[in-house]
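Novice: One structure coming up, written as C-alpha cells, with questions to follow.
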Amino acid sequence: MRGWIVLLCASLLSAQVAPIPKYKVVKADKPEPAIAALNTLADQGYRLLVPGPMLITRLESTPPDTYRYLEISSKVGPVQFLNWVNEQGAHGYRWVPDAGLMEKEPHPRNYEYASARIPEVGPRKPPAFSSLISLGYRPLQFVWFSAWVGAGQTELFFERELVEKPKPEVPGSAGWDFAIADALRASNVQKQIDALAKNDYRYLGRYVSRKGGGQAAL
C-alpha cells in the first residue's frame, strides 16, 4: 500500500511539471528591450528563428552553450558602421540579414565585412561588386545612410567567413554571382526575376533602375 502511495505522489508531481515550450515570441517594437528579452531567452537555450515585428525563437541549445545577440544601428556614417560590424565579426558575431541584429553562436566563427556604394550611373554590374565576390564575399544586405547635406547614400554590404588558411582566391570559385532585374513595368521585372530564380538566383533587395522611372531588383 505504501508503495502505491509513493508512486501516486511521484506521478502527481511529474504531471505538475509543464514541458518546456519549443517556441517563444518577443515583441520587437522597441529595439533595446527586445534585444534584452531575446538575450534572456537565449540564456535559456533559445535561438532567433524568424525576425520581424515579433521575434520568433526556437529552443536549440543547452546552457551554457547558448546564443547571444547585439543590436545593429546605422545612425553613424558608412565608414564608422563598417568598422563597427567588422569589430563585432572579429568577436564571433554574424550579421542576421533584415533582422537589425548580429548573432553569436555557442561555438562562434569569425566574419569580415565589406561594402560598396550603389552607383546611380555607370555600369549595370558595378566592378566593385564583382571584385568583392571574387574575393569570397557574399552579398548580404542594403543599408541606407542619411547625410547632413544633400542626399543620402545606399551601400550594399558583403560578408565572408575568416579562416586560418584561406584558399587561393579564384574569381567565381565560390559559386556566387549577381544579376539585376530592371524594367519600366513591375510585371516585366517579375518576369526577369522568375527567369533568374530558375537559374538558382534569389532576391536580395531593391536596386537603382537605369530605365528612367523604372524598377529594379538585385
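Bear in mind these aren't lab numbers, they're just calculated from the coordinates by the rules spelled out. Everything quoted here is computed from the prediction, not taken from an experiment. FYI the Cβ positions are ideal-geometry reconstructions off the backbone, even for glycines, and counts take in every protein chain you see.
Novice: When only Cα pairs under 8 Å and 6 or more residues apart are kept, what is the percent relative contact order across segment 88-166? Don't jump to the answer; show the numbers that get you there.
Specialist: Details: 118 pairs, mean separation 24.0, N = 79.
Relative contact order comes out at 30 percent.
Novice: A further question follows. Using helices alone, I'd like the mean residue ellipticity at 222 nm for the chain: each DSSP H run of four-plus residues gives -39500 (n - 2.57), total over residue count, nearest 500.
Specialist: On the way: 5 runs with 61 residues, N = 218.
-8500 deg cm²/dmol, from helical runs alone.
Novice: Over the alpha-carbon set of segment 36-143, divide Rg by the Kirkwood Rh and report the Rg/Rh ratio to two decimals. Walk me through the numbers on the way to the answer.
Specialist: Values: Rg = 16.0 Å, Rh = 15.4 Å.
Reported Rg/Rh, Kirkwood definition of Rh: 1.03.
Novice: For the chain, the longest stretch holding no chymotrypsin sites (Phe, Trp or Tyr not before Pro) located in a DSSP loop with at most 11 other Cβ atoms within 10 Å is which? Don't skip to the end; give the middle numbers.
Specialist: Values: sites that count: W148, Y203.
The segment 1-147 is the longest one with no such site.
Novice: Looking at segment 48-103, which trypsin sites (Lys or Arg not before Pro) are in a loop (DSSP not H, G, I, E or B) and have at most 13 other Cβ atoms within 10 Å? Spell out each step's value before the answer.
Specialist: Working: sites: R58, R68, K75, R94; in loops: K75.
Answer by residue number: K75.
Novice: Shifting gears a bit: Along the Cα→Cβ direction, 7 angstrom out, place labels at N86 and R210. What is the inter-label distance in nm?
Specialist: The two pseudo-label positions are separated by 3.0 nm.
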